[in-house]
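So the structure is just underneath, and the comments pick up after that.
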Amino acid sequence: MTSSDAQQTSAAQLSATEGEANPTASTDTKAKTAVNIRLLERDYRLAVSEGEKQALVDAAQKLDARMREIRDQGKVHAADRIAIMAALEASLESVKISQQLRIQEQAQEQVIPTQALDQDAFLDQDALLARMKTLSQQIAQALD
């Protein structure tokens with residue numbers, strides 16, 4: 001691990017404090033946990049449900065790492081601009097993923113009816129073969 005990696009990891013240290021965090025701020029009836037995150041040497045305290053805590057920790061670490069990359073490139077120095085650039089990149093990534101999921105869902109919706117038609121055709125073929133056998137047997141009996 002390089003010193004830069006260690007610096008990024010230590011800067012993205014997150015700690016959680018158990019307990020209620022302003023229960024009147026949300027209509028959610030689930031207990032909230034206060035989570036402290038650090039992004040570019042700034043501390044933030046957020047209330048999050050226990051089920052979302054790890055996702056928030058992971059997102060904060062990813063965001064902190066990307067913000068540090070933007071800052072270290074030297075093109076943007078102000079923390080607010082770095083945050084905006086990182087947020088835009090994350091938003092763009094989210095939109096692309098949503099579009100890909102929508103395309104996959106649409107493709108799946110088209111495949112399912114086709115599979116259903118194929119299955120119906122297969123069942124119809126089986127029924128047709130059974131009917132042909134029955135008719136053949138009836139003809140054979142009639143000719144005997």
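When the residues of segment 90-144 are narrowed to those that are over 30 Å from residue 56 (Cβ atoms) and of a type in the set (Asp, Glu), which ends up modelled with the highest pLDDT?
Let us first name the residues in segment 90-144 that are over 30 Å from residue 56 (Cβ atoms), namely 106-144.
Among the residues that remain, those that are also of a type in the set (Asp, Glu) are: 109, 118, 120, 124, 126, 144.
Numbers: 109: 79, 118: 58, 120: 58, 124: 70, 126: 72, 144: 63.
Going through the qualifying residues, I end up with 109.
Considering every residue within segment 95-113, establish whether at least one is outside any helix (DSSP H, G or I) and surrounded by fewer than 13 Cβ atoms within 10 Å (Cβ to Cβ).
No: zero hits.
With the condition kept exactly as written, say whether any residue in segment 65-76 is at pLDDT 90 or above, in a helix (DSSP H, G or I), out of contact with any helix residue (DSSP H, G or I) (no Cβ under 6 Å at 6 or more places or on another chain) and not basic (Lys, Arg). Quick ask: steps written out before the conclusion?
Residues of segment 65-76 that are at pLDDT 90 or above, as a first pass: 65-73.
Retained after the next criterion (residues that are in a helix (DSSP H, G or I)): 65-72.
Imposing the further condition that a residue be out of contact with any helix residue (DSSP H, G or I) (no Cβ under 6 Å at 6 or more places or on another chain) reduces the set to 69, 72.
Filter once more, so that each one left must be not basic (Lys, Arg): 69, 72.
Scanning segment 65-76, I find at least one residue that is at pLDDT 90 or above, in a helix (DSSP H, G or I), out of contact with any helix residue (DSSP H, G or I) (no Cβ under 6 Å at 6 or more places or on another chain) and not basic (Lys, Arg), so the answer is yes.
Any idea which residue in segment 51-70 is nearest to residue 32 (Cα to Cα), counting only those that are open to solvent by 70 Å² or more (accessible area, probe 1.4 Å) and not small (Gly, Ala, Ser)? Talk me through it step by step, then tell me what you get.
Applying the first criterion (open to solvent by 70 Å² or more (accessible area, probe 1.4 Å)) to segment 51-70 yields 51-52, 54, 58, 61-62, 69.
Applying the additional criterion that residues be not small (Gly, Ala, Ser) yields 52, 54, 58, 61-62, 69.
Working: 52: 10, 54: 13, 58: 18, 61: 20, 62: 22, 69: 32 Å.
Going through the qualifying residues, I end up with 52.
The values are calculated or read from the model by the stated rules, or taken from the named source; none is laboratory data. Everything quoted here is computed from the prediction, not taken from an experiment. So basically every Cβ, Gly included, is an ideal-geometry build from the backbone, and we count neighbours across all protein chains shown. Remember, those area values only see protein heavy atoms, side chains included, never the ligands or the DNA or RNA. Shrake-Rupley method; radii C 1.70, N 1.55, O 1.52, S 1.80 Å.
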